[in-house]
Amino acid sequence: MTRGVLALLGSGETAPGMTKIHRELLEPIVNLNAVNLDTAYGFQLNVPQMSEKLEEYFATSLNVTLTTLHFPSYERATPLERALFKEQVRQANYVFAGPGSPTYALAQWAPLHFADDLLHVLDNAGTLCISSAASLTLGAFTAPVYEIYKVGDQHPQWREGLNLLGALGLNCVVIPHFDNNEGGNYDTRFCYLGEPRLLELESQLPNGVATLGVDEHTAVILDFARGTLSVKGRANGYWRINGEVLVLKNDTITDLRELRNESTAPRATPPVSIRDSGLPVDLAEVAAAGGEAGLEALARLVQIASTGGEGFINPAPLVEGVLSARVEARAQGQYELADHLRDAIVKAGIDVQDTPSGTVWSLRSEN
């Protein structure tokens, strides 16, 4: 049963008026482990500065240490880096993500099956605070805001979203910045889409998919333990479906059953995480350092992968990551370390063979 809280912020994540909302979200959490995901703005040249600004806001306004998890690119990350990023998110109990490009974030997170990791946080009574650009990725589909507003795409099409909300029984898309008016005489409402483009996109949605709009400097807070949706901050939220609009008014509470599509298929069982399997988070360091802990961790990994069936963890990312570290160690002349990494994998039940075309490995079969 999901017991966590998902807060969708329409904008203004570091504005003074939103500090009270952050405090209310943070207050119930014991042994806080707060992280910031930099992926949505990972394509920008000022990534360190943006992360520093967020960390400073949490430190000065909330007295909270916010640790940025650096994951700007799926393609440039090694298999081990991908696996460790996912695990660090699963360890957190307060996850923040915000400004940037929704489609860029989606392109990095989708191949990670990242919705499973966010669900894990919620299932363990954690809090997700997802603002502006990042919030667009959480629905069944994602609006290509950058491509429309800044590039001028005249034929906008939805991108398939992470569908975190669908897994929680809410069949919808998310549109922050719902009441934006920066354009003056130019319609920039609905996250800079304007009404004509929003209506065009909504006409493309399958039957039963709603639009969840969130005004700027406003939080729509989904409390899954209580089964409620509350609205706090400056303005309102909106639930639009089949041409009808339900205004989720500020300072009101709505029963989530009023919004849930009962025909929504039950969510699939998420895969077993590294944490659930008993593997240490710093597997890379353990493997590199060697010792019994490294051997036991890898052996445990093989044991889980060998069980088969639903929910078993794929050993490939971590094993290939250790083998990549072995290649790098040999290239740097650290032959003892390279041999130790190979021995650790072999002793854990994985056969390793060096060939002219590279290293190949396989799970050792039991006779």
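The values are calculated or read from the model by the stated rules, or taken from the named source; none is laboratory data. On a predicted model such as this, the values are computed, not experimentally measured, just so you know. Positions of Cβ are generated from backbone atoms using ideal geometry, with glycine treated the same way; all protein chains shown enter the neighbour counts. Remember, those area values only see protein heavy atoms, side chains included, never the ligands or the DNA or RNA. Shrake-Rupley method; radii C 1.70, N 1.55, O 1.52, S 1.80 Å.
One residue stands out among those in region 334-354 that are open to solvent by 40 Å² or more (accessible area, probe 1.4 Å) and not in a helix (DSSP H, G or I): the one that is nearest to residue 319 (Cα to Cα), which is 351. Residues that are over 17 Å from the mean Cα position of the chain (by Cα) and more than 19 Å from residue 127 (Cα to Cα): does region 19-37 have at least one? Among the residues of region 19-37, not one is over 17 Å from the mean Cα position of the chain (by Cα) and more than 19 Å from residue 127 (Cα to Cα), which makes the answer no. Of all residues in region 55-69, those that are surrounded by 17 or more Cβ atoms within 10 Å (Cβ to Cβ) and within 17 Å of the chain's Cα centre (by Cα) total 3. For region 322-341, the set of residues classified as more than 16 Å from residue 361 (Cβ to Cβ) and of a type in the set (S, T, N, Q) consists of 332, 334, listed by residue number.
The residue of region 1-24 that is farthest from residue 53 (Cα to Cα), among those that are surrounded by fewer than 22 Cβ atoms within 10 Å (Cβ to Cβ) and of a type in the set (A, V, I, L, M), is 1.
Pick from region 109-139 the residues that are open to solvent by less than 10 Å² (accessible area, probe 1.4 Å) and in a loop (DSSP other than H, G, I, E, B): which of them is nearest to residue 211 (Cα to Cα)? Applying the filter and picking the extreme gives 139. On the basis of being buried (at least 22 other Cβ atoms within 10 Å of the Cβ) and over 16 Å from residue 193 (Cα atoms), does residue 92 make the cut? It is true that residue 92 is buried (at least 22 other Cβ atoms within 10 Å of the Cβ) and over 16 Å from residue 193 (Cα atoms).
Going by the structure shown, is residue 104 within 22 Å of residue 194 (Cβ to Cβ), of a type outside the set (Gly, Ala, Ser) and in contact (Cβ under 8 Å) with a residue 60 or more places away in the chain? Criteria met by residue 104. Residues of region 95-108 being open to solvent by 20 Å² or more (accessible area, probe 1.4 Å) and among the aliphatic types (A, V, I, L, M), which ones? Once the filter is applied, which keeps residues that are open to solvent by 20 Å² or more (accessible area, probe 1.4 Å) and among the aliphatic types (A, V, I, L, M), region 95-108 yields only 107.
Can you confirm whether region 181-192 contains a residue that is open to solvent by less than 30 Å² (accessible area, probe 1.4 Å), in contact with a helix residue (DSSP H, G or I) (Cβ under 6 Å, 6 or more places away or on another chain), part of a loop (DSSP other than H, G, I, E, B) and at pLDDT below 95? Yes, that holds for at least one residue.
Residue count for region 58-108 satisfying the condition of being among the aromatic types (Phe, Trp, Tyr) and either touching a Lys or Arg at 6+ places or on another chain (Cβ under 9 Å) or not in a helix (DSSP H, G or I) (or both): 4. Residue under question is residue 143, and the condition is that it be crowded, with 24+ Cβ neighbours inside 10 Å and at pLDDT below 95; does it hold? So residue 143 passes the test. Quick check: anything in region 224-237 free of Cβ contacts under 8 Å to residues at least 40 places away in the same chain, part of a strand (DSSP E or B) and open to solvent by 40 Å² or more (accessible area, probe 1.4 Å)? The answer is no, given that none of the residues of region 224-237 is free of Cβ contacts under 8 Å to residues at least 40 places away in the same chain, part of a strand (DSSP E or B) and open to solvent by 40 Å² or more (accessible area, probe 1.4 Å).
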